[in-house]
1. In the neighborhood of ALA64, defined by Cβ-to-Cβ distances under 15 Å, what is the net charge if each Lys or Arg adds +1 and each Asp or Glu adds -1?
2. In sequence order, what are the phi-derived ³J(HN,Hα) couplings for region 50-66 according to the Karplus relation 6.51 cos²θ - 1.76 cosθ + 1.60 with θ = phi - 60°, rounded to whole Hz, with x for glycine and proline?
3. Quick one: what are the phi-derived ³J(HN,Hα) couplings along region 30-47, Karplus 6.51/-1.76/1.60 with θ = phi - 60°, whole Hz, x for glycine and proline?
4. Using r as the Cβ-Cβ distance of ILE36 and ALA62, and R0 as 25 Å, what FRET efficiency do you calculate, to the nearest 0.05?
5. Given the Cα-Cα distance of ALA27 and ALA48 and 0.36 nm per residue of separation, how much length would full extension add, in nm?
6. Just check region 30-86 against the gyration tensor rule for me: Cα atoms, a ≥ b ≥ c as the square roots of the eigenvalues, rounded for a/c under 1.5, and otherwise prolate or oblate depending on whether a/b exceeds b/c.
7. Along region 72-86, what does the Karplus equation 6.51 cos²θ - 1.76 cosθ + 1.60 (θ = phi - 60°) give for ³J(HN,Hα), rounded to whole Hz, x for Gly and Pro?
8. For a quick check: with amide H placed at 1.01 Å from N, whose amide H comes under 5 Å from SER50's, ignoring anything fewer than 5 positions away on the same chain?
Amino acid sequence: MRRHSCHSQGVSRIDPVRSNDGRSSVAGTQVAAQNIFLHVQSYKLYEATSSRKNRSLGMELASATVASVFLGFGSLFLLLASGVYV
């Protein structure tokens with residue numbers, strides 16, 4: 001019985017984690033850029049439409065929490081992408 005490998009048949013093996021086609025990194029960059037843009041616009045809209053009298057501490061804390069979560073995940077995935085496994 002003869003074993004056939006992927007390389008003997010002329011088909012290259014694709015590793016789903018480290019694909020070299022570049023499409024996944026472009027898509028990830030686009031999604032990240034869109035999320036950052038939407039969050040910045042939401043923050044600008046909130047700051048522009050609220051005065052000092054009607055600002056709420058809860059809304060400020062919620063915005064700070066969302067920003068810190070994005071910063072934490074961004075830092076984590078940046079470290080993982082650069083090869084520092086935490």
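Where a number appears in this text, it was derived from the coordinates with a stated rule and is not lab data. Keep in mind the model is a prediction, meaning the values are calculated, not measured. Methodologically, a virtual Cβ is constructed for each residue, glycine included, from the backbone with ideal geometry; neighbour enumeration extends over all protein chains shown.
1. Once positives and negatives cancel, what remains is -1.
2. Once θ is set to phi - 60°, the couplings for region 50-66 become 10, 9, 5, 6, 10, 6, 10, 5, x, 5, 5, 5, 5, 5, 5, 5, 4 Hz.
3. Coupling constants for region 30-47: 5, 5, 5, 5, 5, 5, 5, 4, 5, 5, 5, 5, 5, 5, 4, 5, 5, 5 Hz.
4. Rounded to the nearest 0.05, the efficiency is 0.90.
5. Taking ALA27 through ALA48 to full extension adds about 4.4 nm, to one decimal.
6. It comes out oblate by the Cα gyration axes.
7. Calculated HN-Hα couplings, in order: x, 5, x, 5, 4, 6, 5, 5, 5, 5, 8, x, 8, 8, 10 Hz.
8. Distant-sequence amide H within range of SER50: zero hits.
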